[in-house]
Amino acid sequence: MTPALYGISDLHIGYPENREIVAGMHPETGDDWLIVAGDVAETPADVEWALGTLADRYAKVIWAPGNHELWTTAHDSVTLRGQHRYDHLVRICRNLGVATPEDPYPIWTGPDGPVAVAPLFVLYDYSFRPAGTATKEEALEYAYGTGVVCSDEFVLHPDPYPTREAWCHARVEATERRLTATGLPTVLVNHFPLVREPTRVLRHPEFALWCGTERTADWHIRFRAAAVVYGHLHIPRTTWHDGVRFEEVSLGYPREWRIREAGPSRPRLVIPGAAS
Ligand SMILES: [Fe+2]
Ligand SMILES: [Fe+2]
């Protein structure tokens, strides 16, 4: 087989069962690439262990941050917040040879290539609002009323930006510029879904507030996506939007994958290898 491109996300290796799954994760061929679309862990030490383990085995590992990597919690010796925390994680990845949203987009030249594999970090801006609410404030008030509030509100700090949505909008603008300059077809990799539709099946629809931004709704078309890889929802599946394949590739928490008939997710084929 020629090399293939795989994707997985939401490894959450703070759970020993999930750490064990990562410890046992191996490519089919030594030339395979692996996308890791965020929520590896909460501490930089755990992120380093997981990405380092995978980078030793796959020819290339491509990482986009999730919300959990950006949490600043009391039980972590790394107290960095917001942008500084993100920069710290980027430095760790670069030491491991793992591609980040701050690096040139790796060009996949295997089957179906050349394709630019673009890890993105665009966060969310509270624009996936519940029906009947018109502003972030109204939407948050509604969410607090239902009791469905993402922990990000307390531990994902936007410093030095005034708000998470300001950080999101700065990231959207910078990312749009880079993607516009990329002439190739793309595989877009983002922790959060780039379109809102996949959030419609959430058990708690209010949670969509912390799941993306309307500003990326046409990126899969504008930037010639061969596929979009994301996670965050912990609902692994394939959906199609405007003829583009979206792969939700999450492993998720042990309590979630234990009750799935198929068991824990393995890395999903994003671009299959060809028989040579
Ligand atoms: Fe997650
Ligand atoms: Fe997440």
> region 1-145: percent of C-alpha pairs farther apart than 22 Å?
Replying inline: 46
> For region 177-276, which GluC sites (Glu not before Pro) are both in a DSSP coil and crowded by at most 15 other Cβ atoms within 10 Å?
Replying inline: 261
> Taking neighbour counts of Cβ atoms within 10 Å as a proxy for exposure, in what order, fewest first, do 232, 26 appear?
Replying inline: 26, 232
>> Just want the ordering: 153, 69, 48, from fewest to most Cβ atoms lying within 10 Å of their own Cβ.
In response: 153, 48, 69
>> Need the C-alpha centroid separation for region 247-275 versus region 177-216, integer Å.
In response: 19
> Of 77, 250, 265, 151, how do they rank once you tally other Cβ atoms within 10 Å and put the fewest first?
Replying inline: 77, 151, 265, 250
> If you keep only loop residues by DSSP, which trypsin sites (Lys or Arg not before Pro) in region 70-103 have at most 10 other Cβ atoms within 10 Å of their Cβ?
Replying inline: none
> Quick one: of the DSSP bridges fully inside region 169-276, what percent are antiparallel, nearest 5?
Replying inline: 40
>> Under a crude label model (7 Å from the Cα following the beta-carbon direction), how far is residue 150 from residue 173 in nanometres?
In response: 2.2
>> Taking 2.2 N^0.38 Å as the expected size of a compact globular protein, what ratio does the Cα radius of gyration of region 5-271 give against it, to two decimals?
In response: 0.94
>> What does DSSP give for region 5-271 in terms of the percent of beta bridges that are antiparallel, rounded to the nearest 5?
In response: 35
> If we restrict to alpha carbons, what Rg and Dmax does region 125-276 come to, in Å?
Replying inline: 16.8, 57
> Which percent, to the nearest 5, of DSSP beta bridges fully inside region 1-148 are antiparallel?
Replying inline: 20
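FYI, it's all coordinate maths here, none of it is from the lab. Everything numeric here is computed off the predicted structure, so don't read it as measured data. Cβ: placed from backbone, ideal geometry, glycine included. Neighbour counts: every protein chain shown.
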